[in-house]
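The values are calculated or read from the model by the stated rules, or taken from the named source; none is laboratory data. This one's a predicted model, so the numbers in the text were calculated from it and none came from an experiment. So basically every Cβ, Gly included, is an ideal-geometry build from the backbone, and we count neighbours across all protein chains shown. Keep in mind that these areas ignore ligands, DNA and RNA; they rest on the heavy atoms of the full protein, side chains included. Shrake-Rupley method; radii C 1.70, N 1.55, O 1.52, S 1.80 Å.
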Amino acid sequence: MTSPFKHPISHALTSFNGAAVEPDQTASQNQGAKIHRLPPSIWKRKQGQAKNQLDLAIDASRDFFFREQLPKGYWWAELESNVTITAEYIMLFHFLGLVDHERQRKMANYLLSKQTEEGFWTIYYGGPGDLSTTVEAYFALKLAGYPAEHPAMEKARRFVLDQGGIIKTRVFTKIFLAMFGEFAWFGVPSMPVELTLLPNWAYFNMYEFSSWARATIIPLSVVMDKRPVKKLPPAMRVQELFVRPPRPIDYTFTKEDGILTWKNFFIGADHMLKVYERSPIRPFKKKALAEIEKWVVEHQENTGDWGGIQPAMLNAILCLNALGYSNDHPVMVKGMEALANFCIEGENQIVLQSCISPVWDTALALKALTDSGVPTDHPSLVKAAEWLLDKEVRKPGDWKIKCPDLEPGGWAFEFLNDWYPDVDDSGFVMMALKGIQVKDRKLMDGAIKRGINWCLGMQSKNGGWGAFDKDNTKYLLNKIPFADLEALIDPPTADLTGRMLELMGNFGYAKDYPAAVRALDFLKKEQEPEGCWWGRWGVNYLYGTWSVLCGLKEIGEDMTQPYVRKAVNWIKSHQNIDGGWGETCESYHDRTLAGIGESTASQTSWALLALMAAGEANCSAVTRGIQYLLSTQKADGTWDEMHYTGTGFPKYFMIKYHIYRNCFPLMALGTYRTLTGGEG
């Protein structure tokens, strides 16, 4: 029986390159259910009036998006990350005793397809080998039946041992290994379940963690408390990934130089917590476990998922298993179905996505089409807008803890995620909706009014915006031993603040509006010495600078001001010889690489949109950038892009949004034609 929450995905917007990944979508195509209705005015231009390369490129790109729009009106592209997501899926099936050998074979094929010639796995295309990712892939392949003597395993093992072995992996990798007896539980940082009982006014409480960390840590704390171990047969074990048999000292955490540092303080605190966890007297433990169980069950969406992300979903299932829930319990069944709905399946491979992005993808595609001149009453645009309106969040979520008087509104990233809407999706959705000629204009006006009110209410004290929470700024949390991904908080960032200024400007707010004044002050403080802005949710300084300059332009800032011109000059100075722009993910590790990398379609488009926002549409840099996009477009109206240009957690979790390489070029080309009259 097919899940009612299993949705078709846009074929050509996945790494399977048009493979038949969703049978029901193929059926709908055969039945002519795709939307591809261009008004006569556009068809006439296509039949002979499009006389230059720019017009032809825009038409080809628009045609692609019309072809890929799904029957219900949305677009949904793959969100590609790294192989740990699928590797952990294999681990979950083994832990629960639910192995489907055919699906496991396909997942193993996917893992092997991503291994590099050197034998390791990376967290983004062309990146260096990542130890934790390689260990998890190796372990999953052992579980899937690959012997240590297999050539792929031998190459991977050499890399792992050269990097220091299992002892040097990150926390989440050690937890998964501990669940199978391959790592000692006492070598994992402590997170006593009683911490979840701390009141909301306490300096450290669960609502000071980011939404994604909270949704993962709360259930995971139960697993860490119960310390389950699923014994493995010798052929599946990975003790060969230790450089030497581990000793107790190997399980301690590495301290920083110096005595009085916060990291060292929290390492000491972890020792004390471990002593507490071994105590037979824990009067609040039972209450904490009951509260966590209640929280986890309440936070499951109707679709079965938690938080819209794989870590929260997988750990919620493990938590409930540790609490005694059987695999056939309705909550568990829904949770496993939700994970399956995140999968993309081809003939020989299955990949589990870390998250899904249909609302984001649809908003991007809708705005790209309107920016390129598609009429706002076009049936495809109207259907997309009505689909988005149906996805408005009208329920209070975790954000309500810090904003008790704020009314719900806005949009989330996924098909359904009522607990965690975010300001980035909300802002882009509302800008995409603006002006679309939907049938129920009153409905749209109300949704936009609620969405703007919600977004403005999420502004933090420092004038900026985080994604999911207000004032989520306890930076000390990123110093605890558990925080080796440096992603336990959701502080305000320049890219999101720029988006909120762009939203306000789009809907008539002036730059002297109090929220805008505070946001402008925040952005000026956040500007880097070179003139750019750091990008939290896209790679990296090109992304941040694009978002800020578009926001400044829309809110009515004087784009001739020195700080704006400094940003413009920074963008121009980082244009590549081929006319494009690019930036490597390594710029998160090394600031000297800011704005440096092979040209990509998405990053070139961000640079172009930023320059055009600053009044530079007619400059030579923009002309060369437009020519780069025109010369790299393929015959089917699309662009290729191997590099990852999206960000999950800076440094540690990078994302390739398969829609980016097409939607942003269309935005840039359409904007350029509007501003210049369009000779390409």
Requested in this report: Would you grab the residues whose amide H sits under 5 Å from the one on Trp411? Only those 5+ places off in sequence or on another chain, please, with H modelled 1.01 Å from N.
Outcome: Val393, Asp422, Ser426
Requested in this report: Between Glu530 and Asn569, with labels modelled 7 Å along Cα→Cβ, what's the label distance in nm to one decimal, could you check?
Outcome: 1.5
Query raised in the report: Expressed as a fraction of 2.2 N^0.38 Å, the rule-of-thumb size for a compact globular protein of N residues, what is the C-alpha radius of gyration of the stretch 493-584?
Result: 1.05
Report summary line: Per its Cα gyration tensor (rounded if a/c is under 1.5, else prolate when a/b beats b/c, else oblate), the stretch 556-680 is best filed as oblate
Report summary line: Nearest-0.05 FRET efficiency for Lys434 and Val243 at R0 = 41 Å, using Cβ-Cβ distance, is 0.10
Query raised in the report: Cβ under 11 Å from Lys334's Cβ, Lys334 left aside: what net charge do those residues give with Lys, Arg +1 and Asp, Glu -1?
Result: -3
Report summary line: Ordering 652-659, 591-598 by per-residue average of other C-beta atoms within 10 angstrom, highest first, gives 652-659, 591-598
Report summary line: Candidate cut points under GluC sites (Glu not before Pro) in the stretch 46-120, DSSP loop plus at most 15 other Cβ atoms within 10 Å of their own Cβ, are Glu117, Glu118
Report summary line: Note, Leu323: beta-carbon cut-off 9 Å, +1 each Lys/Arg, -1 each Asp/Glu, net 0
Requested in this report: Return one number: the angle in degrees, 0 to 90 and rounded to the nearest 10, between the long axis of the Cα atoms of helix 262-277 and the longest principal axis of the Cα atoms of the chain.
Outcome: 50
Requested in this report: Run the quick spin-label model on Phe204 and Ala510: label points 7 Å from Cα toward the beta carbon, then report their separation in nm to one decimal.
Outcome: 4.8
Query raised in the report: Translational D (Stokes-Einstein, µm²/s) of the stretch 457-543 at 10 °C and 1.306 mPa s when Rh comes from the Kirkwood sum over C-alpha pairs?
Result: 116
Query raised in the report: For the stretch 622-671, what class follows from the C-alpha gyration tensor (a ≥ b ≥ c being the square roots of its eigenvalues): rounded when a/c is under 1.5, otherwise prolate if a/b is larger than b/c, else oblate?
Result: prolate
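When N is the residue count of the stretch 368-512, what does its C-alpha Rg come to as a fraction of 2.2 N^0.38 Å?
Against the empirical 2.2 N^0.38 Å value, I get 1.13 for the stretch 368-512.
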**Report entry** Cβ-placed point charges (K, R +1; D, E -1), dipole of the stretch 284-347 about Cα centre in debye, nearest 20
**Finding:** 520
Requested in this report: Round to the nearest 0.05 the FRET efficiency obtained for Asp590 and Asn264 when R0 = 22 Å and r is the Cβ-Cβ distance.
Outcome: 0.30
Report task. Sort largest first and round to whole Å: the equivalent ellipsoid semi-axes of the stretch 73-209, each the square root of five times a Cα gyration tensor eigenvalue. Result -> 29, 20, 17
Report summary line: The answer for the per residue Cα convex hull volume of the stretch 440-495, in Å³, is 98
Report task. Evaluate the distance, in nm, between pseudo-label points positioned 7 Å from the Cα of Glu154 and of Lys474 along their respective Cα→Cβ axes. Result -> 5.1
Query raised in the report: How far, in degrees from 0 to 90, does helix 151-162 lean away from the longest principal axis of the Cα atoms of the chain, to the nearest 10?
Result: 80
Report summary line: The size of the Cβ-based charge dipole (Lys, Arg +1; Asp, Glu -1) of the chain about the Cα centre, to the nearest 20 debye, is 680
Report task. Loop only per DSSP, at most 16 neighbouring Cβ atoms within 10 Å: give me the chymotrypsin sites (Phe, Trp or Tyr not before Pro) in the stretch 505-551, ordered by residue number. Result -> Phe507
Report task. Could you please state, rounded to a whole Å, how far the C-alpha centre of the stretch 310-382 is from the C-alpha centre of the stretch 602-663? Result -> 25
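Dividing the Cα radius of gyration by the Kirkwood radius, what Rg/Rh value follows for the stretch 184-229?
Radius of gyration over Kirkwood radius for the stretch 184-229 works out to 1.00.
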Query raised in the report: To the nearest µm²/s, what D does Stokes-Einstein give for the stretch 564-635 at 37 °C and 0.692 mPa s, using the Kirkwood radius over alpha carbon pairs as Rh?
Result: 267
Query raised in the report: Taking Cα atoms of the stretch 207-257, Rg/Rh with Kirkwood Rh, to two decimals?
Result: 1.10
Query raised in the report: Just how large is the dipole of the stretch 64-135 about the Cα centre, in debye to the nearest 20, putting +1 at every Lys and Arg Cβ and -1 at every Asp and Glu Cβ?
Result: 300
Query raised in the report: In a Debye calculation with equal point scatterers on the alpha-carbon sites of the stretch 300-451 and no solvent, what is log10 I(q)/I(0) at q = 0.10, 0.15 Å⁻¹?
Result: -0.43, -0.85
Query raised in the report: Do any GluC sites (Glu not before Pro) in the stretch 602-680 lie in a loop, going by DSSP, with at most 15 other beta-carbon atoms within 10 Å of their beta carbon, and if so which?
Result: Glu679
**Report entry** Angle in degrees between helix 514-526 and the longest Cα principal axis of the chain, rounded to the nearest 10
**Finding:** 70
Query - Volume per residue of the C-alpha convex hull in the stretch 272-337, rounded to whole Å³ - result: 98
Query raised in the report: Lys/Arg Cβ at +1, Asp/Glu Cβ at -1, dipole of the chain taken about the Cα centre: which of Pro330, Phe64, Thr134 is farthest positive-ward?
Result: Pro330
Query raised in the report: Ratio of the stretch 268-378's C-alpha Rg to 2.2 N^0.38 Å, to two decimals?
Result: 1.59
Report summary line: Amide H contacts under 5 Å for Phe653, restricted to residues at least 5 apart in sequence or on another chain and with H modeled in the peptide plane, are Gly648
Query raised in the report: For the chain, with equal point scatterers placed on the C-alpha atoms only and solvent neglected, what are the log10 I(q)/I(0) values from the Debye formula at q = 0.07 1/Å, to two decimals?
Result: -0.46
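Round to a whole number: what % of the accessible area of the stretch 101-250 belongs to carbon and sulfur, probe 1.4 Å?
Percent of accessible area from carbon and sulfur atoms in the stretch 101-250: 57.
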Report task. Kindly state, to the nearest 0.05, the FRET efficiency for Arg441 paired with Gln53, given R0 = 22 Å and r defined as their beta-carbon distance. Result -> 0.05
Query raised in the report: With each run of n ≥ 4 DSSP H residues scored as -39500 (n - 2.57), what mean residue ellipticity at 222 nm is computed for the chain after dividing by its residue count and rounding to the nearest 500 deg cm²/dmol?
Result: -14500 deg cm²/dmol
Report summary line: If the chain between Cys403 and Glu117 were fully extended at 0.36 nm per residue, the gain over the current Cα-Cα distance would be 97.9 nm
**Report entry** Chain lengthening between Met272 and Ser620 when straightened (0.36 nm per residue, less Cα-Cα)
**Finding:** 119.1 nm
Report summary line: Cα-Cα longer than 22 Å, checked against Lys367/Lys553; Lys174/Lys231; Lys263/Lys470, kept in input order, equals Lys263/Lys470
